[in-house]
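The values are calculated or read from the model by the stated rules, or taken from the named source; none is laboratory data. Every value quoted in this text rests on a predicted model; they were computed, and no experiment measured them. Here the Cβ positions follow ideal geometry from the backbone for every residue, glycine too, while neighbour counts run over all protein chains shown.
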Ligand code: F6P
């Protein structure tokens, strides 16, 4: 694709947007709404249970037209087709990018190197379903004959963030008699606290690692093995208490896990796009195979929407283009993700890996340094907590922070007026950010002159509001896919590889080297800078 697409800064729509942005910047959302009262209903789009109100963005019809032209000129349509048809669009790793195949119905056929991958996807799903049913029904027994009651997922990055987020998000649908824990950090405290009140006889570890080489996961998995054997003594016990979620059969076997208890996936599933593969086994055990398949159906519905809907009504495309607009033309450095749903408390953390590991790139597909800013920083907290913490800066600080508010019509835990209050805050925050409060309005309230400037809200702060009926497994799938494809849209505009992650390598290599130096019996001759040398020396002498 890189060869056929004109460099970003040379695309006509990009040039037009650069000029247009200067004309847009002075425009106020107050004025835009005054000029076009229909704007609040017009600049909306709806699909697969998600309603997007993007009217409170600093855009006009001309902006949207140019952004849509940019998508065309960036080859977005072709790139989407390339992904869905299994072409190797992850060029630096020479891999197809087929998380969409993980949720494709059995009737579909998606080929990689001439081979249809959909049957294998369903084979693994069936194996996961049978296993989950066995565990959930108490028929999967520990080594001493007790049923499993505790599930501990050991993984990091995509092998942790998706499973934790989905478990929290769908807790309402989960098997409450079971205890679920997630261990990711190589800090021993993470493992120690996760298992301190668990009985090894009733505990099943899911070792989740695409590569089965990740230092943190392997270290935690070995500690889990020791913890289990400390009580159960016999190495045969491992078969009852450990399963692997991985692509690496050889290393799984080497670890001592029976490969019959391995749930596989493929190199065309990126770590941060893997929560709906075998990596989702903890989710499936928690919510049951039927609910898991409903979640996959939700993902798939958004996939179909993304692939087939004209860009002007295409939710992920609109979301992605708006992010490019603020990142590149308004110097916005971040995007705040603000779910007004307690169950989505880990959603911002999940999106951090999805968005930043994907689009935190400084070279294009053809290896040149990018000419524009790329992936913004994603962050956030569930509402209303953030309002009493960082919203001050969003309202009155000096930075532009586009916000995505996410809310639901129905609460899963209706309680008096709580939900109405929660949702009133969504609408109030978006309104306050967009329209603010002028000096005249402040004065009319009788505020003393000296205090006036402090009480003015400039407004003109952009936000999207995403509404849905209720947080269900389907809806969660659609919501995640919305952001996956928004990331894809952004990466396509920037002509970067959203599916590699070379930037995590250097730190890993250096840590391995330094670990050897820290553990050496005699102080090794330093090959580092004076700061690193001094820090290692200090640690060695104080540890
Ligand atoms: O940190 C880089 C990374 O490769 C992520 O992309 C990935 O999700 C994580 O490490 C874990 O990798 P694995 O599943 O192979 O253990």
Requested in this report: May I ask you to verify whether residue 17 is surrounded by 15 or more Cβ atoms within 10 Å (Cβ to Cβ) and either in a helix (DSSP H, G or I) or touching a strand residue (DSSP E or B) at 6+ places or on another chain (Cβ under 9 Å) (or both)?
Outcome: yes
Query raised in the report: What residue, of 11, 95, 58, is touching a residue at least 40 places away in the same chain (Cβ under 8 Å) and closer than 23 Å to residue 296 by Cα?
Result: 95
Query raised in the report: Does residue 449 meet the test of being in a loop (DSSP other than H, G, I, E, B) and more than 20 Å from residue 337 (Cβ to Cβ)?
Result: yes
Query raised in the report: Taking the stated definitions as given, is residue 44 within 23 Å of residue 327 (Cα to Cα) and surrounded by 21 or more Cβ atoms within 10 Å (Cβ to Cβ)?
Result: no
Query raised in the report: Do the conditions hold for residue 348, that is, is it in a loop (DSSP other than H, G, I, E, B), surrounded by 20 or more Cβ atoms within 10 Å (Cβ to Cβ) and either in contact (Cβ under 8 Å) with a residue 12 or more places away in the chain or under 19 Å from the mean Cα position of the chain (by Cα) (or both)?
Result: no
Report summary line: Scanning region 247-258 for residues that are in a loop (DSSP other than H, G, I, E, B) and either within 22 Å of the chain's Cα centre (by Cα) or away from the ligand (no atom under 13 Å from the Cβ) (or both) gives 247, 256, 257, 258
Query raised in the report: For region 154-164, does any single residue satisfy the condition of being modelled with pLDDT of 95 or more, out of contact with any strand residue (DSSP E or B) (no Cβ under 8 Å at 6 or more places or on another chain) and more than 30 Å from residue 478 (Cβ to Cβ)?
Result: no
Query raised in the report: Can you find even one residue in region 133-147 that is part of a loop (DSSP other than H, G, I, E, B) and within 13 Å of the ligand (Cβ to nearest atom)?
Result: no
Requested in this report: Select, from 509, 465, 487, the only residue that is buried (at least 22 other Cβ atoms within 10 Å of the Cβ) and part of a helix (DSSP H, G or I).
Outcome: 487
Report summary line: Reported set for region 490-520 where residues are closer than 20 Å to residue 312 by Cβ and under 15 Å from the mean Cα position of the chain (by Cα) is 490
Requested in this report: Would you be able to say whether some residue in region 358-374 is at pLDDT 95 or above, within 23 Å of residue 158 (Cβ to Cβ) and in a strand (DSSP E or B)?
Outcome: yes
Requested in this report: Please work out which residue is surrounded by the most Cβ atoms within 10 Å (Cβ to Cβ), limiting yourself to region 410-428 and to residues that are under 28 Å from residue 326 (Cβ atoms) and in contact (Cβ under 8 Å) with a residue 60 or more places away in the chain.
Outcome: 426
